[in-house]
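One structure is given here, and the rest of the page talks about it.
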Amino acid sequence: MRLGIACAAAAVATLHGAALADEQTFAARPANGLALVPPMGWNSWNHFGCDISEATIRKEADAMVSSGMKDAGYQYVVVDDCWHGERDGQGNIQADPQRFPSGIRALADYVHSRGLKFGIYSDAGDQTCQGRTGSRGREFQDARQYAAWGVDYLKYDWCHAESLEVRAAYETMGDALRASGRPIVFSICEWGTHKPWLWAASVGGNLWRTTGDIHDGWTGNARDRNGVLYILDLQSGLEGFAGPGHWNDPDMLEVGNGGMSADQYRAHFSLWAILAAPLMAGNDLSAMSEETRRILTNREVIAVDQDRLGVQGRRVVRNGDTEIWVKPLEGGSQAVVLLNRGVVATTIRLEWSALGLPPYVPLSLRDLWSARELRPATASVALDVPPTAAVMVRAVPSRPGEVRPPVSAPRASSGSARSP
Ligand code: GLA
């Protein structure tokens, strides 16, 4: 019954663009069982913008396989804005015949033939952000079309949708995807404007953008030019809303697009991993440097992101330009990012208290970028962090399950180590 009311409300909002009253009740939709770990893949927007074609997408799918990205866990190849042509006589959405002459079904088949999954983009308004055909009023028809094409992932944007009630609009497409009968990951993209972390999962969202668009820079917060640090700050406090099947999305990766240093890209990737963020590469995979490839395929960092516990890391220390972020992992270890936001090299001391551990616990620490074990320590460890960079470690209790407080002298020896 409540489900029926919610569906009707969604239909009204969609058909007439009416803003629903705040007190409108919604029934939470059951989870679709997808994205139990944060989705990993590639999306065309950050590098190619509207300059896409079926040849480009095939090339990127090929590169995802040949570069080792697929083996590292990347799965979805997502075509963002600008693939659209006009609707046909029956109202079915078609691909741009010049840029995608073989059609979307053939492209999805190709991506699937490479052992990957295929994603597409639409918008809750009647136009996309780049003025292509949106899904408003055609949600169920479009979802059926996507399913028939073999789409596995939909990114659903919010341009030209101001007159709609946001939750009803996303609920309509969520219901449409479910009704399509195909498992399709639902990526909600309304830029955090209406606090989607409060409602997006209940309309079937598997991930939701928490901010405006990222840009390929360390700092900056102009409209749609949000640097890594600006976006990072907006994630703090949202930890409780993420979990298996439903993730905060701080936007796609800029690693390899050329606007940041290698240290900054490693920090960007480390931070997205500790946030349990979707890892959607946004560079040209077919032409990436070895350095970029090594960042994007660092399996130990990826394992932090993909950890089955699905806990989003949190900032536990903020001290001027230095920060410590911690993410608990399955099996009792913890991932830690020591971040130096500033332009001067520094040393960051990680006290066991920041990990919720007493000082006498011996911890093994592994540096996830140098892939080296650090000297086991108790109480704290001091690590050198270059300017605008991060160090990422995994902290593992040396003898899991056997740690006991010392009989006497509970204050451990200094135990501090500096990174080599
Ligand atoms: C919005 C989204 C971006 C991208 C563009 C495409 O700005 O936030 O991620 O999809 O639209 O036009």
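Just so you know, all these numbers are worked out from the coordinates, no wet-lab data involved. Predicted model only: the values in this text are computed from it and were never measured. All Cβ positions, glycine included, derive from the backbone under ideal geometry; neighbour counts span all protein chains shown.
Using only Cα atoms, figure out Rg for segment 196-255 and give it as a multiple of 2.2 N^0.38 Å. Working shown, then result.
Details: Rg = 11.9 Å, N = 60, 2.2 N^0.38 = 10.4 Å.
The value comes to 1.14.
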Review point. Can you give the Rg to Rh ratio of segment 329-378, both from alpha-carbon atoms, with Rh computed by the Kirkwood formula?
Key: 0.97
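Placing unit charges on C-beta atoms (Lys and Arg positive, Asp and Glu negative, everything else neutral), compute the dipole magnitude of segment 314-397 about its Cα centre in debye, rounded to 20.
Working: 10 positive and 7 negative charges, 23 e Å.
Charge dipole of segment 314-397: 120 debye, to the nearest 20.
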Practice item. With everything on Cα atoms, drop me the angle between helix 54-66 and the longest principal axis of the chain, reported from 0 to 90° to the nearest 10. Key: 30 degrees
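Apply 1/(1 + (r/R0)^6) to the Cβ-Cβ distance of Glu351 and Arg294, taking R0 = 30 Å, and write down the FRET efficiency to the nearest 0.05. Walk me through the numbers before you get to the answer.
Details: r = 31 Å, r/R0 = 1.03.
Calculated transfer efficiency: 0.45.
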Practice item. For the chain, evaluate the Debye formula with one uniform point scatterer on each Cα (no solvent term) and list log10 I(q)/I(0) at q = 0.11, 0.12 Å⁻¹, rounded to two decimals. Key: -0.82, -0.95
Study note, to complete from the structure: Dividing the helical contributions, -39500 (n - 2.57) per DSSP H run of n ≥ 4, by the residues of the chain yields a 222 nm value, nearest 500 deg cm²/dmol, of -7500 deg cm²/dmol
Exercise for review: Report the local net charge at Gly68: Lys and Arg +1, Asp and Glu -1, summed over other residues whose C-beta lies under 12 Å from its C-beta.
Suggested key: +2
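In a shell of Cβ-Cβ distance under 10 Å around Ala108, excluding Ala108 itself, what net charge do Lys and Arg (+1) and Asp and Glu (-1) give?
Values: positive: Arg105, Lys117; negative: Asp109, Asp152.
Charge balance near Ala108 sits at 0.
Have a look at the DSSP beta bridges in the chain and tell me what percent are antiparallel, nearest 5. Provide the component values of the computation, followed by the final result.
On the way: 39 of 64 bridges.
Around 60 percent antiparallel, to the nearest 5.
For a quick protection proxy, order the peptides 246-257, 127-138, 356-367 by their average other-Cβ count within 10 Å, most packed first.
Values: 246-257: 25.2, 127-138: 19.8, 356-367: 17.4.
Descending packing order for the listed peptides: 246-257, 127-138, 356-367.
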Review point. Mind checking the angle between helix 103-113 and the chain's longest principal axis? C-alpha axes, 0 to 90 degrees, to the nearest 10.
Key: 30 degrees
Check your understanding: Leu36 label point, 7 Å along Cα→Cβ, cut-off 17 Å on backbone N: hits in segment 318-335?
Key -> 330-331
Point to revise | the chain: angle of helix 139-149 to the longest principal axis, Cα-based, in degrees nearest 10 | key: 80 degrees
**Study point:** Estimated distance in nm for a label pair at Ser66 and Glu330, the labels positioned 7 Å out from Cα along Cα-to-Cβ
**Key:** 3.4 nm
**Study point:** Separation of alpha-carbon centers, segment 319-338 and segment 268-307, rounded to whole Å
**Key:** 17 Å
